[in-house]
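The values are calculated or read from the model by the stated rules, or taken from the named source; none is laboratory data. Predicted, not measured: the structure shown is a model, and the values here were computed from it. All Cβ positions, glycine included, derive from the backbone under ideal geometry; neighbour counts span all protein chains shown. For the accessible areas, the whole protein counts, side chains as well, though only heavy atoms, and no ligand, DNA or RNA atoms are used. Shrake-Rupley method; radii C 1.70, N 1.55, O 1.52, S 1.80 Å.
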Amino acid sequence: MPKRTDIQSILIIGAGPIVIGQACEFDYSGTQACKALKDEGYRVILVNSNPATIMTDPGLADATYVEPITPEIVARVIERERPDALLPTMGGQTALNTARALSHDGTLEKFGVELIGADLTAIEKAEDRQQFREAMTAIALDTPRSRLINDFADAAEALDHVGLPAIIRPSYTLGGQGGGIAYNREEFEQIVRNGLRLSPSSEVLIEESVLGWKEFEMEVIRDRADNCIIVCSIENVDPMGVHTGDSITVAPALTLTDKEYQRMRNASIAVLREIGVETGGSNVQFAIDPATGRQIVIEMNPRVSRSSALASKATGFPIAKIAAKLAVGYTLDELDNDITGVTPASFEPTIDYVVTKIPRFTFEKFPGADARLTTSMKSVGEVMAIGRTFAESLQKALRGLETGLSGLDPVALKGAQDGEVDHQAVVAELTEPTSDRLLKVAQALRVGLSVDEVYRACHVDLWFLERIAEIIAAEESLVADGLPHDPAGWLTVKGLGFSDARLADLTDHDEGVVAGRRRGLGVRPVYKRIDTCAAEIPSQTPYMYSTYETGIGGQSAENEADPSDARKVVILGGGPNRIGQGIEFDYCCVHAAYALSEAGFETIMVNCNPETVSTDYDTSDRLYFEPLTAEDVIELVEVERSRGTVLGVIVQFGGQTPLKLAAALEEAQIPILGTSPDAIDLAEDRERFQKLLQRLELRQPHNGTATSSDQAEGIAEEIGYPVVIRPSYVLGGRAMEIVHDPDGLRRYMREAVVVSGNNPVLIDSFLRQATEIDVDAVADGTDVFIAGVMEHIEEAGIHSGDSACSLPPVSLEPDVIDEVKRQAAMLARGLNVIGLMNVQFAVKGDEVFILEVNPRASRTVPFVAKATGVAIAKIASRVMAGEKLADFALPDRDPDHVAVKEAVFPFARFPGSDIILGPEMKSTGEVMGIDRGFARAFAKSQVAGGTVLPDRGTVFVSVKDSDKSALVEIARTLQSVGFSLMATAGTADALKAAGIDSHRVKKVLEGRPHIVDNMLSGHVDLVINTTEGAQAIRDSFSLRHTALTHNIPYYTTVEGARAAVRAIEALRGGHLEVTPLQTYLVGSF
Amino acid sequence: MPDPAATAETDTEIPAGATAVLVLADGTAIFGRGFGAAVTRVGEVVFNTSMTGYQEILTDPSYAGQIITFTFPHVGNVGANADDHETTTPASLGCILRADITAASNYRAQRSLDDWLRSHDLPGQAGVDTRRLTRRIRDAGAPHGALCHAPDGKFDLAALRQLAADWPGLEGMDLAKTVSCTQTYHWDQTLWSFADDGQGDGYGALAAPAKHVVAIDYGAKRNILRNLAAQGCRVTVVPATATAQEVLDLAPDGIFLANGPGDPAATGVYAVPELRTLIDSGKPIFGICLGHQMLALALGAETEKMHMGHRGANHPVKDLETGKVEITSQNHGFVVKEASLPDTVTVTHRSLFDGTVEGIRVEGKPIFSVQYHPEASPGPMDSHYLFARFRELLG
Ligand SMILES: Nc1ncnc2c1ncn2[C@@H]1O[C@H](COP(=O)(O)OP(=O)(O)O)[C@@H](O)[C@H]1O
Ligand SMILES: Nc1ncnc2c1ncn2[C@@H]1O[C@H](COP(=O)(O)OP(=O)(O)O)[C@@H](O)[C@H]1O
Ligand SMILES: [Mg+2]
Ligand SMILES: [Mg+2]
């Protein structure tokens, strides 16, 4: 069947901001879908509020709406664009739920929009837990015993039916949100209440537990002719009970006989047919009882998912691209397998290596959060590694995680201290799924537990445990006998995936010595290709991974890298997503690849994050799927250098990850493109940076560096409290705090950091009530282009990544803006920046202070590009490769529209943690609101970020003294537009004094009914609460917590509140209009 | 290919720890760690790209005369059991792996693959860059080789090379006879099913046979017979050498031509004349793999040796009549020459990998055959429908 000609335009809904459970895998899928459909000549209309995505680059769709993804807004896009079809399967749960709402409210019918890929019945059959169960029964597939409830009243009966422990699974939620495992009645009732609240259809499935069973996923594709293929099978190393997104997983499945595998394959296909997914990719999850082989179906996702991104990268089969083409009528046999170029897409990839995925967590940023892994997803990113054996891929993944591991590094076990091993205690520890359980498993084996003991504790399949035991055994002989003496011995340990760094630890040498010995014996990795067919058909695509072929083949191992003789640029990616380093940096790397290919270079991408666009085989000319460590990167660059010329490596685009490698690369005489690592160090090194500022006569807050607690106190006294304090060299403001007094300082030095000679703490005088400004610029050594000046909404003190900001600035005086531009330019020249630079300023009165300079790509680069229409990452990369800014046409004035960036937070996933913002970054993603004026742009950013601003009702206000004056005006406006006010005593007095009446309400500690009672009874529609000081923060925690868990919109800064009030006013002035980027940015590109 | 670094002269020194070697006719010596039986086997070196079902593959009689390189690195994970056999005594000659065989981890496992290989007197070798070997086979064709497992690490490379060089090759080799049954027997076992308690898993038994099929055994895989039985057919299995008369005397409702090893032309010498008679008998006929090639020869077409053959469980085949694509299990090194097909024969199935003939039908006669393995085991079951199609022809 050829492609459909009865449709001309197609609407694609993106996934919106990066949140836990929906990360950049949906940029990968959306980007592939846009490209694929545009290639087919369709008019592609895109809605996605996330400016950091590649898919929202104006070139990828014909009309790109960076607008909130809500049914109302998308309906307006539909009304304006009149698409013939809507493809809802590329934007995760967000797109699916929005599409569902749009069919229910009749919008799709009204404008004659056809759902392609998955229709309403299919979506509901798959996502509605009850309908899904019935569907499974209809095709004789087994599911766990369960009861669906819509009302808490039925919970008890349901529990009697399934018994404890019980699994609670809400319908239509994302990443298992609102679900959990209840081991007792209390937990049960609490989780069920939460689940009912979070499920869009307020229904939860109460289910019999199959904890400890093996969990599998199948990635299935179906076309209109009912051809079905399995792209990849995935086995979870963590058994049932840990969300697949939080589980360590391997591909392909490794512990199934063919009979079991074919049963699962048949079941997967039967599920797609029964659910009615006519075309596209789906993911089906199974559980298998290891003792009896009993197979049950867990769920299916009728869309591309995190797992399909993983499956695509693991096999080379571009699921999203193919799914998009199937949605417009092609059949699999009509589409090519790009990798081989000569065979069709209608086949099942087969692989000759093992893929391991390990999730990355960020619990340290959310004190109070429950760090146990459950059925609700908590990880913020993942790393994937490829090796010829499980051991090799596992150890590559561990070092790729970038959490300081070089392999299965030792960890502390409570049950095994100073030689004493209490088996019971260790077993107890292993029973609890945690983010580092695999390391604990290894440690348990190290301290002498048997594989069977460990198995009984954690139910990780024996096959995996035995492989880990083999690694531990190898470690023991390395410790005993030191490094191998002959190539064969070396190849054997390297073949197990040991990094030089890990070998160095084990044999206590330093890494350089280990690498030297290894290379001295000619032991080097070879590169194999990912070709979808286990070498049966020659591959056209240089998509590669490294491996050490085992010791005694008797032949020189075969290297398939086959480097070209071109002029090459190597781009180092950002590795796994984490808070502080996410999709924004991948965006920059992808732009570097695009721009440099256009400029005629061969682009070589190195990254290990399967969710990204950068790891698509067609983003760069050559792709190495490798951990971003010095060892792995240097080895592959040497191979590339063996032919042609490597012009240099770009380390400034992938965030902190590649930057950390700069020194090692230079040592290996590998040229770095653009700003020199020394300049980067100059910006990061306190002393050197200070000298520079003095030379340039620029100001920074009073500051000092302390290597001991006493020294720190001395410096703080001299600077004067409050001070901002942090360890040196951190990203995302890790462990950064504002301390108000000596006690606070001592506590910080005691609890937050370990200071020493070579890792000191940095202490800055905290600038109160200063306006923070971000500036992004591109410099070429001669000229400096100021690409964007962003005024933060929240005052300095809230991490730049967490505060909302406006481009162009809303309230800054023109001369202040000129001044920061001038200073930014001076810094660019002073640091001799070649490429991108980001500066953060704080403006107090008319004084301008420099907070920090990052002579590298920053988090705001994509936002600036989307807001101004200038592709600065592309320009910067070409400048780094030698071109001059003068060669580009650059605008010289700000746009006349306003773009507002707002951050999105994962607090809802970590109920125990506080929602107040500070200098440590906590947001996972961002949205952009763009409109003619600030108020509406800000309103859009709030809506897009999921904050539903009320247009009437009661506002609760309770602010710290320093904010009281500012609050007055806010309160007055609120009252004037008809809100009633509720305030705590102090705040109420302040308002009274200004002649504003408010209803007084008790603080939580003042007896009942207090504010939380009022919130719980639904009397509060908006919360404005600012606090400072440990005590006050602790006392007011419960009210913020209630706002969070009961989705009551809240603002924890007075500036945020002010902007919100302006937005509320604007919203009352008429509903939000939608306009495509292409209209705002007319002329540019 | 073969590259000099790889070409071992007879004085090649043996790497420490090597307990097995594969020596190819051109002298290439590939060393590894031996497992399975400590014996030497000589044959054609092929590869299989399946990621599951190694035991079914090793017991598929069509692998007679072949040493199998598994492209998936971890083989043996799920051990071996008494159920996943496609024949009593494996006809393949041994296997070559990337990673060492590990202890089994699966509730169905009864012993380790290593034991199992030893018990069937099959050698194996691990620690080989199997991807490199596979690429060599892909580019230069399936070589002849001698696989030797010697725990003491002592090999006579020259002698092994000689063995490989002297091995006549599959062309002209009639191997069907060597793997075919020697006496007629009856088959009533049906397909595998899982019982959720893990105890009652197993094959079924045919209760009330509706039809009678005579299967000519060129090296039949049991799952073919199980599929026939599952269609309600009582199956009588006769040796490859059975005459048309012997077959017809059994009064079958239909005749099945099984898969098998070796060169179709060689087996055809005695099989084809008999088949011609059977074709003329007007009885429904269904052939698979070698059976398909025998049928084609009997219809006047020719077969030829393929460069590297089709061996895997992911091969897309298009049913030209329905337009549907099936993912198939394949194992063949010879193929029917399309140009040589008489015009009474229609091509019904085609490989989407290389366009070769995968299925044919005789116009106006209840006769059809496929080159691939619709019985799967191992592999996808997409093509089981062909057995139902055959059943319909039986009336
Ligand atoms: N009955 C059950 N017993 C034990 N664990 C379960 C059960 N059902 C689901 N889980 C676990 O919960 C996780 C999330 O459930 P799932 O329905 O897949 O949520 P989501 O829709 O967010 O993916 C699964 O990956 C699995 O590990
Ligand atoms: N002296 C200061 N006064 C007020 N706020 C500050 C000061 N120094 C840092 N901050 C706040 O802390 C945040 C994080 O500091 P920054 O140096 O940008 O860390 P990072 O390197 O993680 O971005 C800044 O965005 C700013 O809001
Ligand atoms: Mg799931
Ligand atoms: Mg910063």
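Look at the stretch A:343-357: where a residue is more than 7 Å from chain B (Cβ to nearest Cβ) and without any contact (Cβ under 8 Å) to a residue 12 or more places away in the chain, no partner that is among the basic types (K, R) and assigned to a strand (DSSP E or B) sits 6+ places away or on another chain with Cβ atoms under 7 Å.
Taking first residues from the stretch A:664-688 that are among the aliphatic types (A, V, I, L, M) and partners that are assigned to a loop (DSSP other than H, G, I, E, B) and open to solvent by 30 Å² or more (accessible area, probe 1.4 Å), the Cβ contacts under 7 Å between residues at least 6 apart in sequence or on separate chains come to A:A679/A:N832.
Apart from one condition, A:V569 fits all of (1) touching an Asp or Glu at 6+ places or on another chain (Cβ under 8 Å); (2) open to solvent by 20 Å² or more (accessible area, probe 1.4 Å); (3) farther than 25 Å from B:G17 by Cα; the exception is (2).
Taking the conditions exactly as written (away from ligand 4 (no atom under 16 Å from the Cβ), under 32 Å from the mean Cα position of the chain (by Cα) and outside any helix (DSSP H, G or I)), does A:G176 satisfy them or not?
Judged against the criteria, A:G176 is a match.
Could you tell me whether any residue of the stretch A:715-729 is farther than 30 Å from A:M837 by Cα, touching a residue at least 60 places away in the same chain (Cβ under 8 Å) and more than 16 Å from ligand 3 (Cβ to nearest atom)? No, the stretch A:715-729 has no match at all. If the condition is being open to solvent by 10 Å² or more (accessible area, probe 1.4 Å) and among the hydroxyl-bearing types (S, T, Y), then the stretch A:280-304 contributes only A:T292.
Find all pairs meeting these conditions: Cβ atoms under 7 angstrom apart; at least six residues apart or on different chains; first residue within the stretch A:569-587 and closer than 13 Å to A:T612 by Cα; second residue in a helix (DSSP H, G or I) and acidic (D, E). These pairs meet every condition: A:G573/A:D586; A:G574/A:D586; A:I583/A:D27.
Taking the criterion of being open to solvent by 30 Å² or more (accessible area, probe 1.4 Å) and either under 19 Å from the mean Cα position of the chain (by Cα) or within 16 Å of ligand 4 (Cβ to nearest atom) (or both), the only residue of the stretch A:327-360 that qualifies is A:R360. Note on the stretch A:421-475: residues that are part of a loop (DSSP other than H, G, I, E, B) and of a type in the set (S, T, Y) amount to 2. Do any residues in the stretch B:1-26 that are more than 17 Å from B:G124 (Cα to Cα) and more than 10 Å from every other protein chain (Cβ to nearest Cβ) have Cβ atoms under 6 Å from those of residues that are open to solvent by 30 Å² or more (accessible area, probe 1.4 Å) and modelled with pLDDT under 55, where the two are at least six apart or on different chains, and which pairs are they? Pairs found: B:D26/B:P2.
Summed over the stretch A:378-393, residues that are out of contact with any Leu (no Cβ under 8 Å at 6 or more places or on another chain) and either assigned to a helix (DSSP H, G or I) or open to solvent by 10 Å² or more (accessible area, probe 1.4 Å) (or both) total 3. Selection within the stretch A:781-796: residues that are at pLDDT below 95 and open to solvent by less than 20 Å² (accessible area, probe 1.4 Å). The member of this set that is farthest from ligand 4 (Cβ to nearest atom) is A:E794.
Does the stretch A:635-646 contain any residue that is basic (K, R) and touching a strand residue (DSSP E or B) at 6+ places or on another chain (Cβ under 8 Å)? The answer is no, given that none of the residues of the stretch A:635-646 is basic (K, R) and touching a strand residue (DSSP E or B) at 6+ places or on another chain (Cβ under 8 Å). If you check A:I206 against the conditions, is it open to solvent by less than 30 Å² (accessible area, probe 1.4 Å) and under 29 Å from A:H104 (Cα atoms)? So A:I206 passes the test. In the stretch A:528-610, counting only strands (runs of 3 or more DSSP E) that sit wholly within it, the ones holding 1 or more residues that are farther than 29 Å from A:F498 by Cβ and away from chain B (no Cβ under 14 Å) span A:567-572, A:602-607.
Can you tell me which residue is farthest from ligand 2 (Cβ to nearest atom) among those in the stretch A:277-304 that are part of a loop (DSSP other than H, G, I, E, B) and more than 21 Å from A:V460 (Cα to Cα)? My answer is A:E278.
A:G869: of a type outside the set (D, E, K, R), modelled with pLDDT under 95 and within 25 Å of A:G929 (Cα to Cα), yes or no? The answer is yes for A:G869.
Assessment of the stretch B:218-226 against the conditions (part of a strand (DSSP E or B), over 28 Å from B:G395 (Cβ atoms) and open to solvent by less than 40 Å² (accessible area, probe 1.4 Å)) yields no matching residue.
State which residue pairs qualify: first residue in contact (Cβ under 8 Å) with a residue 40 or more places away in the chain and closer than 17 Å to A:R145 by Cα and inside the stretch A:280-305, second residue of a type in the set (G, A, S) and within 16 Å of ligand 2 (Cβ to nearest atom) in any location, beta carbons under 8 Å apart, and separation of 6 or more residues or different chains. Listed by first residue and then by second, the contacts come to nothing, as the list is empty. When you scan the stretch A:119-127, do you find a residue that is open to solvent by 10 Å² or more (accessible area, probe 1.4 Å), more than 16 Å from ligand 3 (Cβ to nearest atom), under 24 Å from A:K866 (Cα atoms) and away from every other protein chain (no Cβ under 14 Å), even just one? No - not one qualifying residue is present in the stretch A:119-127.
For the structure I just gave you, tell me whether A:T374 is open to solvent by 10 Å² or more (accessible area, probe 1.4 Å), within 11 Å of chain B (Cβ to nearest Cβ), over 30 Å from A:T629 (Cα atoms) and assigned to a loop (DSSP other than H, G, I, E, B).
Criteria not met by A:T374.
Somewhere in the stretch A:1033-1040, is a residue of a type in the set (G, A, S) and under 22 Å from A:G178 (Cβ atoms)? Yes, the stretch A:1033-1040 has at least one match.
I need a count of the residues in the stretch B:168-190 that are of a type in the set (G, A, S) and closer than 30 Å to B:K211 by Cβ.
Adding up the residues that qualify gives 2.
Scanning the stretch A:797-819 for residues being of a type in the set (A, V, I, L, M), crowded, with 24+ Cβ neighbours inside 10 Å and in contact with a Phe, Trp or Tyr (Cβ under 8 Å, 6 or more places away or on another chain) gives a total of 2.
Within the stretch B:261-294, the set of residues being of a type in the set (D, E) and touching an Asp or Glu at 6+ places or on another chain (Cβ under 6 Å) comprises B:D263 only. Of all residues in the stretch A:1028-1044, those satisfying the criterion of being open to solvent by 30 Å² or more (accessible area, probe 1.4 Å) and among the polar types (S, T, N, Q) are A:Q1031, A:S1038. Screening B:D139, B:D166 for residues that are within 16 Å of B:V45 (Cα to Cα), within 14 Å of chain A (Cβ to nearest Cβ) and either over 22 Å from the mean Cα position of the chain (by Cα) or surrounded by fewer than 24 Cβ atoms within 10 Å (Cβ to Cβ) (or both) leaves exactly one candidate, B:D139. Residue selection: A:L812 fails the criterion of being within 15 Å of ligand 2 (Cβ to nearest atom), of a type in the set (A, V, I, L, M) and either in a loop (DSSP other than H, G, I, E, B) or under 29 Å from A:R878 (Cβ atoms) (or both).
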